[in-house]
Structures are given as C-alpha cells and as structure tokens.
1. Is it the case, given these coordinates, that B:PHE153 is outside any helix (DSSP H, G or I), touching a residue at least 12 places away in the same chain (Cβ under 8 Å) and among the aromatic types (Phe, Trp, Tyr)?
2. Check the stretch A:157-177 and report whether any residue there is over 24 Å from A:VAL361 (Cβ atoms), within 14 Å of another protein chain (Cβ to nearest Cβ) and buried (at least 18 other Cβ atoms within 10 Å of the Cβ).
3. Let me spell it out: the conditions are (1) free of Cβ contacts under 8 Å to residues at least 24 places away in the same chain; (2) of a type in the set (S, T, N, Q); (3) surrounded by fewer than 17 Cβ atoms within 10 Å (Cβ to Cβ), and B:SER167 meets all of them except one. Which number is the exception?
4. Any residue that is touching a Ser or Thr at 6+ places or on another chain (Cβ under 9 Å), more than 30 Å from A:VAL150 (Cβ to Cβ) and away from chain B (no Cβ under 14 Å) - is there at least one of those in the stretch A:38-47?
5. Return the total of residues in the stretch A:300-343 being polar (S, T, N, Q) and part of a helix (DSSP H, G or I).
6. If A:GLU67 passes every condition in (1) of a type outside the set (S, T, N, Q); (2) in contact (Cβ under 8 Å) with a residue 40 or more places away in the chain; (3) within 12 Å of another protein chain (Cβ to nearest Cβ) but one, which one does it miss?
7. Mind checking which residues of the stretch B:258-293 are within 11 Å of chain A (Cβ to nearest Cβ), in a helix (DSSP H, G or I) and not hydrophobic (A, V, I, L, M, F, W, C)?
8. Output the residue which, of all residues in the stretch A:197-212 that are among the charged types (D, E, K, R) and assigned to a loop (DSSP other than H, G, I, E, B), is nearest to A:LEU251 (Cα to Cα).
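The values are calculated or read from the model by the stated rules, or taken from the named source; none is laboratory data. Just so it is clear, the model here is predicted, and its values are computed rather than measured. Cβ placement follows ideal geometry from the backbone for every residue including glycine, while neighbour counts extend to all protein chains displayed.
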Amino acid sequence: MDVRLQTSMVFHLDKCIGCHTCSIACKNVWTDREGAEYMWWNNVETKPGTGYPTAWEDQTKYKGGWESNGEKPGLKMGSKSSRLLNIFHNPDLPKLDDYYEPWTYEYENLFDAPEGADQPTARPVSMITGEYMEIEAGPNWDDDLSGSPVYAANDPNLDALTEEQREELFDIERLVFFYLPRICNHCLNPSCVASCPSGAIYKRGEDGVVLINQDKCRAWRMCVTACPYKKTFYNWSTGKSEKCILCFPRLETGQAPACFHSCVGRIRYLGGLLYDADKLVDSVNVPDGHLVDAHRDILLDPHDPEVRKGAMKNGIDERTLEAVERSPVYKFVKEWGLALPLHPEFRTLPMLFYVPPMLPVMANTEDGVYDTANDELFSPIEKSRLPLEFMASLFSAGNIDHVSLALKKQYAVRLFKRLETVGDIDAETVRVALEECGMDEAEAEAIYRLTSLPTMDERVVIPPSHREEALQMLNDDMWDEKGKAGLGSRNLPVRGS
Amino acid sequence: MFMPITKNSYFKSAGLVAFAVALLIGILAAAGFGQDPGRKVFETKCFSCHNIGGGNKQGPDLKGVTDRRSEEWLKEFIRTPTAMSRKDQDAASLFKDFAPEIMPDQSLTDEEMDSLLKTIKTLSDSGEMFTPEGAKLARPIRRSDVREGWRLFTGQKEFENGGVACSTCHGIGSFGSYGGGTLGPDLTATNIKYRDPELILILQEPNFPTMTEMFRDHKLTEEEIVQVFAYLKHSKEVSPNAAIAATTDSGAVEPRFLITGFVFTVLALVGLNFVWRKRHGNVRGDIVERSKI
C-alpha cells in the first residue's frame, strides 16, 4: 500500500444556480492578463450544451485522455513517436474560435462621441487585435443562447440517448438544462503530465495539485491536446501554458480557493482524500462500466489504522490526517456514493466529483391548462426530465446504476425531511424510499445537514499541506523560508526560455 | 714560401665554391624568369589549352594573334570571353569553331596581361615554339599512387594545404554509384582531353575561374600532384568508353530545369493544400455551419 494525499473537490450540482460568480472570481484573481483573456480556469456550462471549448467532450476531435486496450493505458493523442513527429505542428488543438475571441466594448465612445443624430454606442472590440469585431461565440455561449438548437443539440452526451428521447428533450416547453461548473480536476492519472515533452507539468507530492512550471514550459502545447477536459490553456503572450492552480497560495495559508470562497450557492466542497497509488494503473484498466467502482476502490478510509500507518510512513502528518478524517469529499464520494467523477471514461481519475442534479417534473400542461398539482411530491427519478442515460454518459461512463443511486438518495432525503418538517407524506413511503437505496435515517440526516446547512468550515476542510516540510527537502535553511507562502517562482515567464 | 693546405682552409675554400655556385644558379634562375614573366603567365594560365606555334589544342594556336587582333580586343576577350562571344562577331565565330568547349574568364593583372601579349608577339615573330618549363612531376609514378590519388579525389584523405576534395565538384567514371559533384565537368576522360604536361599544369595552378579562387591559398603539394595525376590517368583505363566532357559556362542556366521545377513546386503546393484543406477548420464553425438551413 502506497498511501498518498489528494486535495479533492465535490460540486453539488443540485445546488448550482449558474450565476458564474466562481468564473468571475477566478478571472479577477488569475487570468485578467494579456494572453490569458480567453482563458477561463473556472467556467460554468449549460447542459445539454457543447461547453467551452466547443464540444470539448468529443475526443474523436480533440484526442484527449487515455485509451486502454486492457493491458496498459496509452494517450489517445498517440504514441511517443507519433507525438514526436507532430511536435512542431500538433494537429489536434482547439482553435481560438473553438474557445472564443475575447472582446471588450469601446466604452469611451459613450462619453467622447461627438454630438450627432444617433445615440453613441459601445461597439465590441477584440482584446487580441484591438479592432472592431462581430461577436460570434463566448465562453458560455450555449447559456447566453438558452440552450439553442445549434449548441444544445450538439452535446456529445446526447449520443447515449435514443432518437425518441432526443426529440422529446427538444420539444418546445420541455426544454431542460442544468449547470456544470468546471475547474481542473487535478487528476490522479493526469494525461497532461504524461504528454509534456519538456517535463514542465507535475503533480505536487504533498497535496496532488497539478501545476505547470512556467520556467520549464516550452510551448509545445501537447498538454492542451492531452487534457480531455481542455483545462490547460496556451498563453499567446508569454508563450507558456497555464492552468488552474487550485489557488494553492490560498490553500497554503488555510483559505478556500477563490471560486470556492465566492460560490453563492455554496455548492463547492473541498477536502483531503487518501488513495493507494499502487492500485492506480489497474484501476483505469477496467471496462467503462466498472470505472467508477474502480475509482472508489483506490480511495482509502482515513480511520483505518493500517491506512494511517501507511500514511505516516509516507510522511503524511498526523494533523493532516485529522483534517482528512473530517473531509466532506470522503463522505460524498466514498461513504454515501453521492458524488461521481466527470467523464471517468477519459481514464485520468479526476479528483473533482459531482453530485448529479435532480430535474423533477414539477408541472404539466394539458389542453393548455398549466397544472402544478402532482400526484406525488416529486416525480420519481426515472421520470426525470433529463434521461438517466444522459447523466450516466456524463458521470459514470454509461453505468446507469451509479447515477440512479445518487439521485434516489437525494430523492429519499427530501421525502425524509418532508415527513419530519411538514408531515404531509406517508411514513411508509419514506421507509420504502430509504430502503430502496440502502440508507438509514442517520445517513439521510447527515446528507441533509452537509447539503443544506454546512458552514464554511464544514464545506472546506483544507488538509494542512505542510509546505515547510516540502521546502525543507529543497532548502536546508528553513529560517529563510519562514513566513513565506505562495508562488515559488518569482521570474516573469519569458517566451522561449 | 710554401704554405701547406691545412684541413681548415680546404673546407673554407670548398664552402666558398659551393656558395658561389648557389649564387650563380640563383642569379640565373631569377634572370630566366625576370627576363620574361609573360612565359610564366602563358605557362600557368594558357598552355593547357593553347599553343604558340604548335597547332590547335582545346583552343586555337595563338601564333600571330597579336597581329590578327587589336590589343583592346585581345584584352577584353581574355578577361571575358563568354560575354564577348555574345556581342562580337569574331569572338562568336571562335566559340562556334571550338564548340562545345568554351574559354573560361581569366583574371589577369594589367602587368601580367601586358607581359603575356608581349611574349606571344615575341615568340610569334621569332617563330619559336612555346615549350613549358615547369610541367613536370616531382618523381616517377608508382603503383600505389593510383590508390592514394583516389583517396585524395574522394576526400577520404585530406589535401595537406586544405584544398577541397575533387569529388566535391567533379564526377569520375570509377567514383561509385552516387557519382561526384556536377559543378565541374566529368573527369573520366580528362587525360585524353589534356596531354600530360597540360594536366600537370592544371593541377599545379588551376586556371578555371572557380578552381583558381578555391585553390589560390590551398595549392596541392608536389606529392599530391603526382598521386592525383596518377589516378586521373588511370581512370580512363577503368572506363574506356567515357566521352570527353567539355568545359562549359557554369553561369549558364538551363530554362527547362527551372520551368519544370517551378511547375512541380506549384503542383506540390496545390496538392498539400488539398490534402490539408481542413487544417483551418474548427469544431464550432462546423457545428454552426451544419445547423444552417
């Protein structure tokens, strides 16, 4: 057993209201720079939709992630030799138009325009060329177009649906969508790290944050292709690639990352997970349907004395383990089985998990009469407005059992609390619902508390990363590092060096 | 009084005699060239293709040429024969008579030119035939020289003074499947084209524009001349059917080659453009395009 620590995340999609506050918080802190205008380390997508960059989930086009032939996983973008052949012209990169051309508006014109017959306008100006432009796409374009048939209908996950289901989905008045906020998954088996010819990308030993060394990056852009989530971005100004750093300077000083801190819906949970690195390769060498189980299998119980012993042996501090024991992520992912990885079939073992959203039918229109009355409090999840197949395509590589269980548990918790607070449901119905997903009342209560009433300290339990210990390995003079935190390299990134 | 010759004085006088002889030889030698520097110029620059009074070789016999042509004509022709053949009738007919051979441009200083013309006139007037003085090998050819010459020719062994290997610019029959360079003519039949003294002179002091420049500061040593000469003589024996390759104007451009090259380049670019026609496409553009009614 090789016990290691990963700072991991859960996004509770049932609580996401799609306000994009997280994206703005991230933009203001990290990517409000020349060359980074088009980057959204955190973005919120509308599902069904093509996302950002357009149709990023379609790996037949972008060649991201891993492929497994049952023996050894290999990068989908090709073998080492084929990558070397394409090193000066990587053919599978998203174009700027697949992201979008960043723009601002000519606001000065509103004040400085000479007097004329018309109102002055603020025309859009490209942030790259500085010239007037027509806006054709944006980082959340499908949201702006409210699930338009152009973007929503091209969601790659709709392939999992039957023709009939797809038609129903796009029926007028049946249109349905939910939000999917995405940041870097800080994967356990990161394909971006594996693809980098310069060795510039690495996964931090102490907390598993995946980072790009700006001094070493040589702009080959292999990581941009290799990352199936398209969460590494190329900065055209500095000539280096960049990605979400999980606000590690904030984590090291005990603060939640900016997107977590600012989340209005409080959907974001952060905590440590222990995993067994020895089982890592085997866990991605299983058929698609078993990937979620294999992923959960490598996560270790921090209460297990054996695990604790292994953790101590690998230099994980006692105080860190205490924080890991309180990890909300461990509860959501392992104990309750509520949270699922996004697209596990990419085989990167993403460490950001999602609680799938419930999309119950709340009303019917019949003969032009809008009827909110329903026989049941909530429609059963089998009748959810988005078919389970769609959710399974997103969160469990096609295995419907996992999404079904996660949704049924949420459904049961609602009934359980309804009985307690309002009392207008039959106790037997609640018992059946709880039993169906193998849940007792204590667990239902715990899920309810962590979903609805968690404090900041319960949602974000940062395992102390003990940077001082990592630094000690690099620098003998500990006093020199005293009181320091944050970005190690203070050199400006320079193209070509 | 009788003075016996001591051992010491004997050596002294012997040394004196030796010194006197050396001095005399030196003076004579200096005088020999000093008297007529034009002979030296003719020998190194002209003799491989021209005679004075010995009949036509690669080029015409120059006996009496100073009477046939004006001095200005001669000077211009010697320096830029090819250019002149394009505008001057006489020069053109000369080129025609000796085609496909051309005369390479010769870079001579004014003094060299004057002395050369003077020598041609003197020899023509006196009816004396020009015989070269220096066109001799340092030693007789040995069997092993052919192999050594081949090594020098192909560049397997470097020239002592840093000269470029012959095969850089010249091909030769026995060189191998890839052949040598094509800047200069093929040298397989070169010992038929030039007689021995002429060939030796070329090796000693190359008088073709390209070679003159390249070997100005990198002359072949006496030993190397013997070896390369031996190899060049031998190569005709290996490939007896080789034709004599003419000295041609290296500045001439064959238009057909250029045109063919241009056409193929354009075809290749058009082909690549077709094969990679989707390289500027993007995912979003395709989706939007497909959704248009």
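1. Details: outside any helix (DSSP H, G or I): no; touching a residue at least 12 places away in the same chain (Cβ under 8 Å): yes; among the aromatic types (Phe, Trp, Tyr): yes.
So B:PHE153 does not fit the description; no.
2. no
3. (3)
4. Initial filter on the stretch A:38-47 (touching a Ser or Thr at 6+ places or on another chain (Cβ under 9 Å)): A:38-44, A:46.
Remaining after also requiring more than 30 Å from A:VAL150 (Cβ to Cβ): none.
No; the residues of the stretch A:38-47 include none that is touching a Ser or Thr at 6+ places or on another chain (Cβ under 9 Å), more than 30 Å from A:VAL150 (Cβ to Cβ) and away from chain B (no Cβ under 14 Å).
5. Total meeting the criteria: 1.
6. Only one criterion in (1) of a type outside the set (S, T, N, Q); (2) in contact (Cβ under 8 Å) with a residue 40 or more places away in the chain; (3) within 12 Å of another protein chain (Cβ to nearest Cβ) is unmet by A:GLU67, namely (3).
7. The answer is B:ARG284, B:GLY285, B:ASP286, B:GLU289, B:ARG290, B:SER291.
8. Taking the stretch A:197-212 as the starting set, the residues that turn out to be among the charged types (D, E, K, R) are A:203-204, A:206-207.
Restricting the remaining residues to those that are assigned to a loop (DSSP other than H, G, I, E, B) gives A:204, A:206-207.
On the way: A:ARG204: 13, A:GLU206: 12, A:ASP207: 10 Å.
Only one residue fits best here, namely A:ASP207.
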